[in-house]
Structures are given as C-alpha cells and as structure tokens.
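The values are calculated or read from the model by the stated rules, or taken from the named source; none is laboratory data. No experiment lies behind these values; they were computed from the predicted model shown. In this analysis, Cβ positions are derived from the backbone assuming ideal geometry, glycine residues included, and neighbour counts consider all displayed protein chains.
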Number of protein chains: 2
Amino acid sequence: MREYTTKYDDLYRVAKEMFMGLGYSDHQASTVTNCLVEADARHLHSHGVAAMMTYVSHLKAGNLRLDAPEPTTVFETPTSLVLDGHSGVGYVIADIAVKKTIQKAKKSGICITTVRQANHYGFAGHWPEMMAQEGLIGITCTNTVRCVCPTRSAERNMGTNPISVAFPTCGDEPMFLLDMATCVMAHGKLCRSQVFAESGVVPEEIIVDGKGRCLTDFKEALELLFHGDDRSDSPKPDTGGLLPLGGSTETHSGHKGYGLALLVELLTGGLAGGIPSKFIPLAHEGICFFFMAIDPVLFGDTKKVCEHVRNIIEEYRKTTPIDPDLPVLIPGDKERISRENALKNGIKLSPEIVEILREVARITNKEAQLESILERD
Amino acid sequence: MREYTTKYDDLYRVAKEMFMGLGYSDHQASTVTNCLVEADARHLHSHGVAAMMTYVSHLKAGNLRLDAPEPTTVFETPTSLVLDGHSGVGYVIADIAVKKTIQKAKKSGICITTVRQANHYGFAGHWPEMMAQEGLIGITCTNTVRCVCPTRSAERNMGTNPISVAFPTCGDEPMFLLDMATCVMAHGKLCRSQVFAESGVVPEEIIVDGKGRCLTDFKEALELLFHGDDRSDSPKPDTGGLLPLGGSTETHSGHKGYGLALLVELLTGGLAGGIPSKFIPLAHEGICFFFMAIDPVLFGDTKKVCEHVRNIIEEYRKTTPIDPDLPVLIPGDKERISRENALKNGIKLSPEIVEILREVARITNKEAQLESILERD
C-alpha cells in the first residue's frame, strides 16, 4: 500500500491550524498537536494526528470542553498535589500538572500529582520524558475508557491503563523510557494493525468474546471493540475485550497484568478522588492521571547516581541477541530511532490516516494546506 | 501424595530453634522465621521454611554473614534513605529498612529507601503489607539472582525482579496486596510445581533453552535452572532461562515484562549504588532493595482517601466471573484466604518440604522437636 510522507514541521503547522479551526486556542492547539505529531514521528500512530477525528466527535457530544476553567487545586502539600481538570483538554491538563510536578520535585526532591476529571492525554511516555529532560525520574499512569477484561471475567470494565517511567541518564546513553499498556495489546495497536488487517486474523490470547473465548477473526474483534464505541455513554458494562498482559490463563500470569491494571485504577482514580475506568464514559471524560517526579539527588550526588543508572543500562545493552539482526533493546530505543528517522526523512502516514486528516481538513477548511504538505510515496 | 499438617505456632517455634541452631541470633531467627512461616501459611511454599536449606549452603560458602554489622546509612534526606546491608541477613536488613521507611514517611508524608549489598528478603509482599498495616501505601521491588532472559535473547542475566504494592483500605475490605515476579512464572513456583512434576511437562512460553526455544520437558527445565545453581559464583552469564511476563514474542508483549524487570534493576541497583542481577552471585549476596511508603494524607483526608480506594476495589470485586465457581479476585485474596485457613486448620507441608526440614533438623539436632509437630494426613 502506498503511503504518504510529510515533514515534521509541516504536519505540526497544518494539524495545529486544523485544531484552531475546531475552536482550540493557540495554546491548546500547540499543546495537543505537539503530542500527536511526536507520536506519529515515533511510529505510535494510534496516538497520532488521526486521533483528531475522535476529538471532533467528543466536542460535538459536549464531553470535551474547550472553555473549561484552568485545572484547580483540590489539595496540596510540599510533596503532593491533587488537581481537578474540569473536563478540559487532557493534554493541556497533563501539561500543567507535569510542569507543577517538576517545579515541586525540584524544590522538595519528590512530588506526586493526581488529577481527576481530566481527559485523554495521548501517549503516556510524553510526560515522564518531560520530567527526565529536567533531570528527574518521571512516572505516570492513567486510567482510560474500558476495553480490558479482568482475569476470570469477560466483563470489559478496565482501561488499557498504561504505565510509563523515564530515567534520565548521561553521556551517550539515551534515557530509559518504558511506556506500556497493562494489556497484551493496546486498543489502537490492534485496530490499526496492518498485519491483522491483511491476514484477517488476530493471534490467540489477545482479545476474548463475551464468553471469554479467544477471538481470532480480525473483523469480529473490531466489531466487538467498536460495538462498545457505538453504544450510549452509560456505565453499563460491556462484555468481551482485550486480555490483560499475560493473557487468559493464570498459568501464564494473566492475573499479573490484571493486578497492574487494578493498581493503576487505585493510583489514578483512587488517589485523585476520581472515577475508575469502569465508569468512564466512552468519550474519555473523567479520566484520572497519576504523575510522580523523583530528583536523583535523593540518593546522593546526582551525577554519580545518573552515571550508575547509565552503567546498568549499558550492561543490559550488551546482552547477546538470539538473532544478530534483532539486537536486544532498551525501553525507548524503538521509538527514538523512529523519531530520528522521521526528523530526517519525514513522517510516514498510511492512506487511512490521510483519509481521516482529509475529513477534518474539510470540516475546518484546511484542505489546500493539508494537500500541500503530503507527498505520495 | 500424603501431606503433613502442622500448627502455625509450632512451625514458627521449631523453625526458629533450627535457625538458632544454625547460629542465628534470637532476633535474626525470629525475623526470618516470621517471613518463612507466613509464606507457608499463604501457600507460597517457594518462599517458606524449605528455603532454610539454601541458607545453610550460603552460610557454609560464607556468602551470608550472621556477624555482619547493622545496615549503615550511606545517604539520607527527609524523604529518602540509602542503606548498605553489608551482606547480612536479607530479612533483617529489609525489616530495619522498612521500619525506617515507615518512620520517615509518617513524618515527611513520603519516603523512598534503597539498599545495596543486601541478601534475599523472602516473599516481597511481606514488606508493603507492613507499611499498609501502618496506614501507608507500600511499594517494594528487589533484584535477584539471574534466571530470566531479556526479550530477543537467551542470555540469563535478569532476576525474577518482583514488584509488590499494598494499599491500606478500611471497613471490611482487606488490603490490596499485589506481589508479582516480572517473569511469566517465578523460579520457585516452576521448580516446586506438583502439576508439572506429575505430568513431566511444562507448558510452552514459560522457559527457554540456550537457543531461545521453549523447553517443555520438566526434567530438562529443572536441569537448566539448577545447572546454573551448580556453577561457580562467577558473574559469567548463563544461557537459557525463564521468560519475562508476556512470553517470548513481541506480539504478546514479552518486551513489557522485560521492561518491568529492567525498571526494577534501575530502581534497586541503580538508585542504591548497587549491582544489577547480572552480577549477583548465585548465593544472593549483593541483592538490592527498593522501598517506598506514601501516606494517603498527601491526597486529602486519610479516611476519605482510604474509603475511596476501598470503593473502587469493591467495584471490581463485583465483576461477573465467566465461571461462577471461580470468582474474580483482588490481588492478595488468594494468599489471605490460604492464611486464614492455615491459622484455623494448620499449615500443609508436602513430603518434599518435610524432607528438607528433616535435613536441617539433623544438622541442628532438632529432630525430636520437628517430629513432634508433624501430623501425617
């Protein structure tokens, strides 16, 4: 399938214009667009510019409020902060929360911020990366709309509940950046899989039907996932969904992925006084965040701590691969390499993504601007 | 196979006597025995009294020092502590570290303690449970001897690297207590599996050989794991081992389990100035710990925060199971139920475990005491 190529800066400019055409302020549009284009550059297209169409429908339904007040402080101590996002733009709420977390951690050595009544914040790794760029260890997790079934159940009442952690390092070693959904395969990754679309088959142990049986037909899997999306926003639990990391059996420790997902529910909704994924409407309204920043200075001389972390990472980078063509990676490597390549050679967009962009361009009268930055391969 | 039953208090008393017979002080023996008997009561026999035999060999080899000085403070701030364990008894080091972490968190709201040059601390869940019993959110992880292979490699250079988190709740809802190795199946769980021993078969996607191929013959799997144990303590990497949570393929997200395991290496060895699992000799010497205690008061009124956490747990407890006889569990349920049963009806010990105990009893001249507390089913 022929793809399109566009330059990073061009995509940023036009996507931002489209967001402003939807009514986003300059600041809102630049914050959101930055995250989306960064995701596309890293080949994380499930969290890239194509998400724009989702926000169009959330705006229409009134679940995403561009005129929401700034996040307000619910509770604060020198090492913690609880914010209320008032259903505003998730990226803007997260950006404010992370900047405050960084500021407080630099002063107190450590800070945890929880946020309730927020909204989708894109790919989780963006936020710990911001903290690590400031020399701090960064941690985040978020609950999400429900699409995952707990171990022993076919009730879809948990989110993909990603956990992301970044460690600053030093010298040539890039930062450690783990960003993982706590299910076997994230919602967007399954839906946008070119491999599954072409073969029509989803491997076993990724998604189950309403009776807990593995679904392997790609179309059926999509129907099951999107059937939920088409339904009303009532919190009535749907059935069937993605399996937690480890899969369907306790022998292979599916209960560990479920345990991690439930941990995320407690760290986010639990500590923010917010709602769990089970009650998050399909429009993302009410999502809760958890952020933590830790200054390495808590453990001694910052430079020495970071060097020691780097040395350990380098030890694992030396691991002998089974196939010499598939080297052992450090979390963050894959996305960083994609990003470097995208900055040099442009961002690749599939025809499906371009079709979505064209639709938003029509709505926002940016058709000419969009076409001018797309190059067909 | 006929099992043995013994009373909790009896097992504690005799096991403690055996430890003292090995040269442990009263305090050392009670700290270790408490953790081991608690593990057996929870049906976590891989971390129960049978571990005693391992410590006998470590003592003999000089890798476990009963006369090690008390852990010393390497670095300290109001919210952090770095300790050096001087290769003493891991349980005693962890006990001191956790008590200090609790004390500091109660004063500062939060505390992270890292420990280098420690030793095996038993089942990880014990330590967050101590913190949650004091009303704090408790977190721990530890690196371990190497037995896990990173994604894309058959080099055994990571530990089972468990992560454990406890949340205090309130009312009738017991605490949330997640305790999970970051590999598909923990070393001890595989080795002591009655099911695998009887069938002779290990399911696919649990352990791989030196070329990265799944091993399914139980005897071969044991040989591979214990072959390592028989080798010298040099840090030369062995090959073949357990798979990270998610298994061997990236489609099923084995890289997430690997990412979590590497995260544990950075939080423990990295932040303690200690060594990674790759360099931990097979006698456990040099293991590093990470502990964090968070006072819920950081997020508002403690009672309200704990009630809110409880409400979310209760929401997930209501999840409809696929099989009504297999209810959806909350992390910690299984072990708590086993423990309650053991306190009421006694602790069950397999003939293999009893044989190990008899061996230690012979060494320590406690044969009569041991036999007097064992009842054959």
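Taking the range A:3-36 as the range and being assigned to a helix (DSSP H, G or I), acidic (Asp, Glu) and touching a residue at least 40 places away in the same chain (Cβ under 8 Å) as the test, the residues that pass are A:Asp10, A:Glu17. Filtering the range B:149-166 to residues that are under 18 Å from the mean Cα position of the chain (by Cα) and part of a strand (DSSP E or B) leaves B:Met158, B:Ile163, B:Ser164, B:Val165, B:Ala166. Which of the residues belonging to the range A:316-356 are under 30 Å from A:Glu367 (Cα atoms) and hydrophobic (A, V, I, L, M, F, W, C)? Matches in the range A:316-356: A:Ala342, A:Leu343, A:Ile347, A:Leu349, A:Ile353, A:Val354, A:Ile356. Checking each residue of the range A:343-363 against the condition of being modelled with pLDDT of 95 or more and touching a Lys or Arg at 6+ places or on another chain (Cβ under 6 Å) gives at least one match.
Condition check: more than 9 Å from chain A (Cβ to nearest Cβ), of a type in the set (Ser, Thr, Tyr) and in contact with a strand residue (DSSP E or B) (Cβ under 8 Å, 6 or more places away or on another chain). Does B:Ser253 satisfy that? No: the conditions fail for B:Ser253.
Here is a yes/no grid of residues against (1) away from chain A (no Cβ under 13 Å); (2) of a type in the set (Val, Ile, Thr); (3) touching a helix residue (DSSP H, G or I) at 6+ places or on another chain (Cβ under 6 Å); (4) under 30 Å from B:Lys303 (Cβ atoms):
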{"site": "B:Trp127", "(1), (2), (3), (4)": "yes, no, yes, yes"}
{"site": "B:Met130", "(1), (2), (3), (4)": "yes, no, yes, yes"}
{"site": "B:Val145", "(1), (2), (3), (4)": "yes, yes, no, no"}
{"site": "B:Pro162", "(1), (2), (3), (4)": "no, no, no, no"}
{"site": "B:Thr182", "(1), (2), (3), (4)": "no, yes, yes, no"}
{"site": "B:Gly188", "(1), (2), (3), (4)": "yes, no, yes, no"}
{"site": "B:Arg192", "(1), (2), (3), (4)": "yes, no, yes, no"}
{"site": "B:Val202", "(1), (2), (3), (4)": "no, yes, yes, no"}
{"site": "B:Arg213", "(1), (2), (3), (4)": "no, no, no, no"}
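Going by the structure shown, is B:Leu224 under 23 Å from A:Lys256 (Cα atoms) and either modelled with pLDDT under 95 or at the interface with chain A (Cβ under 10 Å from one of its Cβ atoms) (or both)? So B:Leu224 does not fit the description; no. Looking at B:Gly246, is it under 29 Å from B:Glu352 (Cβ atoms) and either modelled with pLDDT of 90 or more or charged (D, E, K, R) (or both)? No; evaluated as a whole, the condition is false for this residue. On inspection, B:Asp67 passes the criterion of being without any contact (Cβ under 8 Å) to a residue 60 or more places away in the chain, more than 14 Å from chain A (Cβ to nearest Cβ) and either touching an Asp or Glu at 6+ places or on another chain (Cβ under 9 Å) or more than 21 Å from B:Leu271 (Cβ to Cβ) (or both). Can you pull out every residue in the range B:167-178 that is at pLDDT 95 or above and facing chain A (nearest Cβ under 10 Å)? Of everything in the range B:167-178, those that are at pLDDT 95 or above and facing chain A (nearest Cβ under 10 Å) turn out to be B:Phe167, B:Phe176, B:Leu177, B:Leu178.
Based on this model, can you work out whether B:Leu44 counts as more than 30 Å from A:Val305 (Cβ to Cβ), in contact with a Phe, Trp or Tyr (Cβ under 6 Å, 6 or more places away or on another chain) and away from chain A (no Cβ under 14 Å)? It would help to see each step written out before you state the result.
On the way: more than 30 Å from A:Val305 (Cβ to Cβ): yes; in contact with a Phe, Trp or Tyr (Cβ under 6 Å, 6 or more places away or on another chain): yes; away from chain A (no Cβ under 14 Å): yes.
Considered against the rule, which asks whether it is more than 30 Å from A:Val305 (Cβ to Cβ), in contact with a Phe, Trp or Tyr (Cβ under 6 Å, 6 or more places away or on another chain) and away from chain A (no Cβ under 14 Å), B:Leu44 comes out as yes.
Of the set (1) in contact with a Gly (Cβ under 6 Å, 6 or more places away or on another chain); (2) under 26 Å from A:Asp333 (Cα atoms), all apply to A:Ile280 but (2).
For B:Arg156, indicate whether it is surrounded by fewer than 24 Cβ atoms within 10 Å (Cβ to Cβ) and in contact (Cβ under 8 Å) with a residue 60 or more places away in the chain. So B:Arg156 fails the test. Of the residues examined, B:Phe289 is one that is under 30 Å from B:Pro78 (Cβ atoms) and more than 9 Å from chain A (Cβ to nearest Cβ).
A quick yes/no check of all residues on (1) part of a helix (DSSP H, G or I); (2) outside the structural domain of B:Pro150 (by TED's automatic domain parsing); (3) at pLDDT 95 or above; (4) surrounded by 15 or more Cβ atoms within 10 Å (Cβ to Cβ):
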| residue | (1), (2), (3), (4) |
| --- | --- |
| B:Pro203 | no, yes, yes, yes |
| B:His252 | no, no, yes, yes |
| B:Leu263 | yes, no, yes, yes |
| B:Gly270 | yes, no, yes, yes |
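In the set (1) more than 7 Å from chain B (Cβ to nearest Cβ); (2) on the phi < 0 side of the Ramachandran plot; (3) crowded, with 22+ Cβ neighbours inside 10 Å, the condition left unmet by A:Phe299 is number (1). Tell me yes or no: at least one residue of the range A:274-285 is in a helix (DSSP H, G or I), within 12 Å of another protein chain (Cβ to nearest Cβ) and surrounded by 22 or more Cβ atoms within 10 Å (Cβ to Cβ). Checking the range A:274-285: at least one residue is in a helix (DSSP H, G or I), within 12 Å of another protein chain (Cβ to nearest Cβ) and surrounded by 22 or more Cβ atoms within 10 Å (Cβ to Cβ). Any residue that is of a type in the set (Val, Ile, Thr), in the same structural domain as B:Cys141 (by TED's automatic domain parsing) and farther than 19 Å from B:Glu359 by Cα - is there at least one of those in the range B:21-33? Within the range B:21-33, none of the residues are of a type in the set (Val, Ile, Thr), in the same structural domain as B:Cys141 (by TED's automatic domain parsing) and farther than 19 Å from B:Glu359 by Cα.
Note on the range B:38-84: residues that are part of a helix (DSSP H, G or I) and over 20 Å from B:Ile363 (Cα atoms) amount to 7. A count restricted to the range A:98-118 and to residues that are part of a helix (DSSP H, G or I) and aliphatic (A, V, I, L, M) stands at 3.
Within the bounds of the range A:108-118, is there any residue that is more than 12 Å from chain B (Cβ to nearest Cβ), surrounded by 24 or more Cβ atoms within 10 Å (Cβ to Cβ) and in contact (Cβ under 8 Å) with a residue 24 or more places away in the chain? Yes, the range A:108-118 contains a residue that is more than 12 Å from chain B (Cβ to nearest Cβ), surrounded by 24 or more Cβ atoms within 10 Å (Cβ to Cβ) and in contact (Cβ under 8 Å) with a residue 24 or more places away in the chain. Meeting the requirement of 1 or more residues that are within 14 Å of another protein chain (Cβ to nearest Cβ), the helices (runs of 4 or more DSSP H) wholly within the range A:310-377 are A:333-345.
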